[in-house]
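Reviewing the structure listed below.
The values are calculated or read from the model by the stated rules, or taken from the named source; none is laboratory data. The structure presented is a predicted model; accordingly, all values stated were derived computationally and were not measured. Here Cβ is always computed from backbone atoms with ideal geometry, including for glycine, and neighbour counts include all displayed protein chains. Surface areas here come from the heavy atoms of the whole protein model, side chains and all, with no ligands, DNA or RNA. Shrake-Rupley method; radii C 1.70, N 1.55, O 1.52, S 1.80 Å.
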Amino acid sequence: DAGVIQSPRHEVTEMGQEVTLRCKPISGHNSLFWYRQTMMRGLELLIYFNNNVPIDDSGMPEDRFSAKMPNASFSTLKIQPSEPRDSAVYFCASSALLNEQFFGPGTRLTVL
Amino acid sequence: AQSVAQPEDQVNVAEGNPLTVKCTYSVSGNPYLFWYVQYPNRGLQFLLKYITGDNLVKGSYGFEAEFNKSQTSFHLKKPSALVSDSALYFCAVRDTNAGKSTFGDGTTLTVKP
């Protein structure tokens with residue numbers, strides 16, 4: 001298995017632009033998680049899905065952030081409009097039956 | 001509610017010496033406990049877990065962890081540290097009734113030659 005796939009690996013954009021991060025979970029996993037990691041705030045859970053349904057989005061910082069999971073093999077995290085303080089590494093992770101999570105390589109986002 | 005604490009931001013050990021990275025937790029039910037490692041510019045990588053059974057759990061790269069219910073701890077250990085073990089280590093807990101894990105703030109392990 002290729003593991004969790006995230007794209008792009010790096011994204012540099014200007015303030016105000018829309019950013020879309022993509023994730024393909026491991027086949028057969030029914031839970032998907034989006035995290036953000038920064039030096040200042042550490043690792044933060046943004047949202048998670050179970051069987052493609054959003055279960056807990058209490059970590060989404062603002063309405064500028066939205067996430068979707070249209071099917072079991074694809075999820076997106078969108079930021080619109082982006083701001084410099086959104087600069088971080090965004091990780092997607094998946095798990096089976098809520099056991100250990102398998103993380104993707106992350107997307108390093110820089111908002112200028 | 002569930003929470004996890006890693007009381008040490010940084011742990012330094014000499015190569016060949018034993019290492020311990022500490023973790024304590026709080027849950028209302030029974031805990032599922034996990035350790036992950038993160039190398040620079042990489043995603044977190046699963047090391048080991050405790051679900052039930054033996055209190056001593058063995059995982060990848062020679063690591064092990066001991067579940068102690070009375071002390072609500074799940075410390076990560078390795079008998080002989082390697083320089084290549086230097087990384088950021090996260091402890092995580094999930095209550096059996098919870099849908100998500102709570103991660104600690106991480107402990108940076110540095111193993112010096």
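Descriptive notes on the structure:
- Taken as a whole, the condition of being open to solvent by less than 30 Å² (accessible area, probe 1.4 Å), within 14 Å of chain B (Cβ to nearest Cβ) and touching a residue at least 12 places away in the same chain (Cβ under 8 Å) does not apply to A:F102.
- A:D86 open to solvent by less than 40 Å² (accessible area, probe 1.4 Å), acidic (D, E) and under 15 Å from the mean Cα position of the chain (by Cα): yes
- Of the set (1) open to solvent by less than 40 Å² (accessible area, probe 1.4 Å); (2) in contact (Cβ under 8 Å) with a residue 24 or more places away in the chain; (3) within 11 Å of another protein chain (Cβ to nearest Cβ), all apply to A:R108 but (1).
- The C-beta contact set for segment A:53-71 (first residue modelled with pLDDT of 95 or more, second residue surrounded by fewer than 10 Cβ atoms within 10 Å (Cβ to Cβ) and part of a strand (DSSP E or B), distance under 8 angstrom, 6+ apart or interchain) comprises A:M69/A:V53.
- Total residues in segment A:62-71, condition open to solvent by less than 70 Å² (accessible area, probe 1.4 Å), over 17 Å from A:E44 (Cα atoms) and of a type outside the set (A, V, I, L, M): 1
- Residue tally, condition within 14 Å of chain B (Cβ to nearest Cβ), outside any strand (DSSP E or B), farther than 14 Å from A:S87 by Cα and among the charged types (D, E, K, R), over segment A:31-70: 1
- In the set B:T52, B:T102, B:T96, only one residue is in contact with a Gly (Cβ under 8 Å, 6 or more places away or on another chain) and modelled with pLDDT under 95; that residue is B:T96.
- Set B:G16, B:G29: member being assigned to a loop (DSSP other than H, G, I, E, B) and either touching an Asp or Glu at 6+ places or on another chain (Cβ under 8 Å) or within 13 Å of chain A (Cβ to nearest Cβ) (or both): B:G29
- Candidates B:F63, B:F90, B:F67: the one that is closer than 21 Å to A:N99 by Cβ, surrounded by 12 or more Cβ atoms within 10 Å (Cβ to Cβ), more than 10 Å from every other protein chain (Cβ to nearest Cβ) and touching a Ser or Thr at 6+ places or on another chain (Cβ under 9 Å) is B:F67.
- B:S3, sole failed condition from (1) surrounded by 13 or more Cβ atoms within 10 Å (Cβ to Cβ); (2) within 23 Å of A:R36 (Cβ to Cβ): (1)
- Answer from A:F33, A:F91, A:F74 - the residue that is in contact (Cβ under 8 Å) with a residue 40 or more places away in the chain and surrounded by fewer than 18 Cβ atoms within 10 Å (Cβ to Cβ): A:F74
- Checking A:G3, A:G16 one by one, the residue that is under 22 Å from B:P40 (Cβ atoms) and outside any strand (DSSP E or B) is A:G3 and no other.
- Candidates B:V13, B:V83, B:V37 - the one that is touching a helix residue (DSSP H, G or I) at 6+ places or on another chain (Cβ under 9 Å), over 25 Å from A:E44 (Cα atoms) and either surrounded by fewer than 18 Cβ atoms within 10 Å (Cβ to Cβ) or not small (G, A, S) (or both): B:V13
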